[in-house]
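This report concerns only the one structure given below.
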Amino acid sequence: MPFAHTPDQLDPYVAALCPEIVSSGADLTVDEEDEMFRLFLHRQWHHGSALSSYFRSGWLLWSTLRAALTWRFGTLDRVTRLLDFAAGYGRVTRFIAHDLPPARVWASDIDARAVSFQMQRLGVRGLVSTAAPEELPAAEPFDAVLVSSLFTHLPEATFGRWLARLWALVAPGGLLAFSVHDPSLRPDAAAAGGDGFLFEATSEDRALPAADYGSTWAGEPYVRRALAAAAPGAAVHRFRRALCNHQDLYLVVDGLAPDPAALDLGGRPEGFVETCRLLGARRLALQGWAVDRMDGAPIARVEALLDGAVTAVSPEPVLRPDVASLFPGERVETVGWSLRLDLPQGAPLAATSLVVRAVDNAGRAGVLAEGSVEAALLRAARLDFLAIGAELDRTRIGLQAKIDEQSLSHAHDLGVLRTRLAAMEASRFWKLRDRWFALKRLLRRTDQP
């Protein structure tokens, strides 16, 4: 039974956190057996937030891989056969099949049910994978073979063999793209040893034996040696932390290829706009967090641009250790930032563009928010609704549990708790209602008092 996400059933967190993904028109159906979604849900313990992270990670992965395909082929129209290998239930494939005709896309996974789901839901072709690389069936070669997260799990016994098998599936002039975890991601990077390879028999996957599908870190020297054996004579290009600012991306091509310097896939600072509110009629206040996962150091600054011009720069950032929990195992310095800026007089908020970006110490900029001022305000208000609603649900559950306790036998005690619960619900929702309609009146979206 899949989790369905259609325009009339869209999760409110997905609508608030992933507006560009929703508007893209890609199929946002997620199957209940999707291991990757379950992993996000296990980490976040909130269905809507996990869905948002799931979709955004797939969107970002495809954005990077699409740039690599454009670099290699000039245009996606020249990609007539594409294989998304180890594709699971379509975290990335759903976006590939939206930008390419599904008949040109093959989804492969060792889980036959996952392949069937993608074929039925996304309309792509299917190829069930095998445990042994040499047993993988395939007929015609592919223009591109994309492997966004397989070599992050393979032991040394199959790492090179899968490289050789997948490279054999690439047509002349084609592209193999795959990702690895560099040992530098680990706090104990030296554990990888002199050969730059480390495998641990631990994994979030419930179906595959951990000895065959665990957790792998592979340094550049090791990967290049493996490729020299698997794809002799091929050109190899490494892009550090190019996939979601985390995994290293390797592009393997035969023959002449465009200059890799023309492909800017380096990592960028990332972060989140937590609040966006008006102070009076024409002054905007923003607040959030940012992180540089490339170098781990605190970012240099956050700046806001109105209609293309830098209007405000954040004061000295402050450390936000609470946010560091979003990046388990990574050595990063997460910081909080705030901005205050005056809006242009007379300009409609819907017609005033706003860009918020974080800049690291090397001058690299990552966009945290982009759109109109009005859209930023409405998104922030929606997130406030969701956050207060979640808090209210947690409080209600706690109070209801106390009401249900057998030890509360006195009617007076029960009455006090029920009164407290009713007052809490009324006050929180009413205050939030007032803030919502005040914002909508300011934006001329309603005349309701």
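The values are calculated or read from the model by the stated rules, or taken from the named source; none is laboratory data. The model shown is predicted, which means the values in this text are computed figures rather than measured ones. Glycine gets a Cβ as well: all are built from the backbone with ideal geometry, and neighbour counts include every protein chain shown.
Filtering Phe73, Phe37 for residues that are aromatic (Phe, Trp, Tyr) and either under 25 Å from Val273 (Cα atoms) or modelled with pLDDT under 90 (or both) leaves a single hit, Phe37. The residue pairs whose first member lies in the range 106-132 and is within 18 Å of Leu150 (Cα to Cα) and among the aliphatic types (A, V, I, L, M), whose second member is assigned to a strand (DSSP E or B) and at pLDDT below 95, and whose beta carbons are closer than 6 Å, counting only pairs six or more residues apart or on different chains, do not exist in this structure. Of the residues making up the range 69-87, those that are surrounded by 21 or more Cβ atoms within 10 Å (Cβ to Cβ) and either closer than 25 Å to Ala262 by Cα or among the charged types (D, E, K, R) (or both) are Leu69, Val79, Leu82, Leu83, Asp84.
Would you check if Ala281 is part of a loop (DSSP other than H, G, I, E, B), aliphatic (A, V, I, L, M), in contact (Cβ under 8 Å) with a residue 60 or more places away in the chain and assigned by TED's automatic domain parsing to the domain that holds Asp143? In short, no.
Gly90 fulfils the conditions (1) touching a helix residue (DSSP H, G or I) at 6+ places or on another chain (Cβ under 9 Å); (2) on the phi < 0 side of the Ramachandran plot; (3) buried (at least 18 other Cβ atoms within 10 Å of the Cβ) except for a single criterion, (2). Summed over the range 304-323, residues that are assigned to a helix (DSSP H, G or I) and either touching a residue at least 24 places away in the same chain (Cβ under 8 Å) or outside the structural domain of Ala365 (by TED's automatic domain parsing) (or both) total 1.
Determine, yes or no, whether Ser116 is modelled with pLDDT under 95, closer than 30 Å to Ser23 by Cα and not aliphatic (A, V, I, L, M). The answer is no for Ser116.
Residues checked against (1) assigned to a strand (DSSP E or B); (2) surrounded by 20 or more Cβ atoms within 10 Å (Cβ to Cβ):
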residue	(1), (2)
Thr202	no, no
Val223	no, yes
Ala228	no, no
Arg238	yes, no
Arg241	yes, yes
Asp248	yes, yes
Gly255	no, no
Ala261	no, no
Asp264	no, no
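Condition check ((1) farther than 19 Å from Arg241 by Cβ; (2) of a type in the set (D, E, K, R); (3) out of contact with any helix residue (DSSP H, G or I) (no Cβ under 7 Å at 6 or more places or on another chain)) across all residues:
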| residue | (1), (2), (3) |
| --- | --- |
| Leu265 | no, no, no |
| Arg268 | no, yes, yes |
| Leu319 | yes, no, yes |
| Ala365 | no, no, yes |
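Of all residues in the range 281-296, those satisfying the criterion of being surrounded by fewer than 18 Cβ atoms within 10 Å (Cβ to Cβ) and farther than 30 Å from His42 by Cβ are Ala281, Arg282, Arg283, Ala285. For the range 101-121, a residue qualifies if it is closer than 16 Å to Asp27 by Cα, of a type in the set (A, V, I, L, M, F, W, C) and surrounded by fewer than 21 Cβ atoms within 10 Å (Cβ to Cβ), and the qualifying residues are Ala103, Met119. For Gly296, the conditions (1) part of a strand (DSSP E or B); (2) in contact with an Asp or Glu (Cβ under 7 Å, 6 or more places away or on another chain) are fulfilled apart from (1). Go through the range 298-345 residue by residue and tally those that are exposed (fewer than 15 other Cβ atoms within 10 Å of the Cβ), modelled with pLDDT under 90 and under 14 Å from Val359 (Cα atoms). Of the residues in the range 298-345, 1 are exposed (fewer than 15 other Cβ atoms within 10 Å of the Cβ), modelled with pLDDT under 90 and under 14 Å from Val359 (Cα atoms).
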